Amino acid sequence: MVFHYFGTMSNRIRHALYKSLFGVVLVCVVYWLYPFEIIRSQIEDLAFERFNQSHLNQTQKAMDSPMVIILSVDDGYLKRNGLEGYGYLFPRDHLARIIDGVDKRQKKLQQTGDGISGLLLDYDLEYSTLPYGQVFSTQDEVWLKTLDRPRTYPLLIPKLEGPGRLAKEGVASCARLVSVNLLRDKDGATRRWQPYFEQEGRTYLYGPLWLWLRHQQPECRNTLEQTLPHPSAASLDVCGRTFIAQDLIQYRVIYRDWKPYDANMPWRESYWERLISVSADQLDSLTDDTLRSAFLLVGADHKYSTDYFDTSTGYSHRFSGVSIHAQALLTLFVLNGLLQPLALQWSLLLTFCIFFISEYLLDILYGSLSIESDELRILFNVTLLSFVLITISAIIFQHAGYWYNWIIPVVMNQVFDVAKKLNKYWIGLLKWQRSLSKR
């Protein structure tokens, strides 16, 4: 009886050890091969996407971030200003009025304390509003005059990948050209942003990243205001940090949904505690305390706009471009930088321990309950591992800011159990063939 107990225990330990080592090996494979499309879409992005969706309607608690305020060109703004169905190019004189309103409010704020921290425009300002883009219209002249006015906060305008003359004129003004490029994956979803791009010998940093660096590293402000260094070997070194051109993990956006619209509120609140959206001509509805040190972003969020992005597959949720930029900025603050994967050695240790303990305990449970069904065992395994791994991943993410891919061990567990089942069928097939040969 005693020998049978220890023999059973030894088999359980051996089984748990084999499964744990198998999981560790496959975690290494996935860790090194995650840039491949099938791994990216079915394992790496899928895990973060499910994690993101489960938190869409949960309030992100206060963080070390100023307020982020979207001055939204929404349906109400268009109706009040007679601009419904204005076409592709938003009237530049209206953009100038929005900036004028911010400038006036900035002067008032600085009389009693700090002003706003910066303003990012999410509009195509490459070309003139006149055909062929070679001659400036009256609207363009008003816009360029507004750009050329000195101000005490950084004004960022987008540099798209075109040689527009209006954008070149903007370089000589008091504004700063930045990138607003968001990346679409092969499945059409937007999950991450592009850190920079280079054109005609100039480097353009992603706008929210530019604002975050300027806020977090005041000593870096002169560097950001000047011409940035050229990228080398598919990476950019700026402000003591290295940004590689493309990465599936570091440049992800944490998404939070908007709260239900409240007609009694002059602005709309997000589940990001530090994010609100107000119609672009309703700036005066915000108090000085709300605006002080805030980041402002101006962009389209109305029914005529085409600047909307799908943010996942199998789950229909769309955000406007300016909303994604705002959430990318807050993601930088909540993570205190870029999202980093948990180091491989810690991922392996966690995976090994979780696999070993869960398999050993479940094997004891199956024995005591006389559960022989492979289907039930797989169901119990996946359910327990999913719960444990999602919980651990959430704790690591929220308290340490690292990403531990909770779905990898779950997928590996399924692969192992499927392989085990196939092996069982294969052995059964061989026995059947042997029985036929004996006849």
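The values are calculated or read from the model by the stated rules, or taken from the named source; none is laboratory data. All figures in this text were calculated on a predicted structure; none of them were measured in a lab. Every residue, glycine as well, gets a Cβ built from its backbone with ideal geometry; the counts of neighbours run over all protein chains shown.
Of the residues LEU350, LEU275, LEU362, LEU283, which single one is of a type outside the set (Lys, Arg) and either closer than 22 Å to ILE43 by Cα or in contact with a His (Cβ under 6 Å, 6 or more places away or on another chain) (or both)? Of LEU350, LEU275, LEU362, LEU283, the one residue that is of a type outside the set (Lys, Arg) and either closer than 22 Å to ILE43 by Cα or in contact with a His (Cβ under 6 Å, 6 or more places away or on another chain) (or both) is LEU350. In the set (1) assigned to a loop (DSSP other than H, G, I, E, B); (2) over 20 Å from HIS325 (Cβ atoms); (3) among the β-branched types (Val, Ile, Thr), ILE249 fails one condition alone, (2).
Exactly one residue among LEU109, LEU95, LEU144 is farther than 21 Å from SER72 by Cβ, in a helix (DSSP H, G or I) and not charged (D, E, K, R), and that residue is LEU144. Looking only at region 225-240, residues that are touching a residue at least 40 places away in the same chain (Cβ under 8 Å) and surrounded by 14 or more Cβ atoms within 10 Å (Cβ to Cβ) come to 1 in all. Among the residues making up region 87-114, those that are within 29 Å of TYR127 (Cβ to Cβ) and among the β-branched types (Val, Ile, Thr) are ILE98, ILE99, VAL102.
When you check GLN217 against the structure, is it more than 13 Å from THR203 (Cα to Cα) and within 21 Å of the chain's Cα centre (by Cα), yes or no? No. Here LEU385, LEU339, LEU349, LEU362 are screened, and the one residue that is buried (at least 18 other Cβ atoms within 10 Å of the Cβ) and modelled with pLDDT of 85 or more is LEU339. Within region 249-279, if we keep just the residues that are of a type in the set (S, T, N, Q) and out of contact with any Ser or Thr (no Cβ under 7 Å at 6 or more places or on another chain), the residue that is farthest from TYR206 (Cα to Cα) turns out to be ASN264. Within region 75-92, identify whether any single residue is assigned to a helix (DSSP H, G or I) and modelled with pLDDT under 90, and answer yes or no. Yes. The strands (runs of 3 or more DSSP E) located wholly in region 270-350 that include 3 or more residues which are in contact with a strand residue (DSSP E or B) (Cβ under 9 Å, 6 or more places away or on another chain) and of a type in the set (A, V, I, L, M) occupy 275-279, 295-300.
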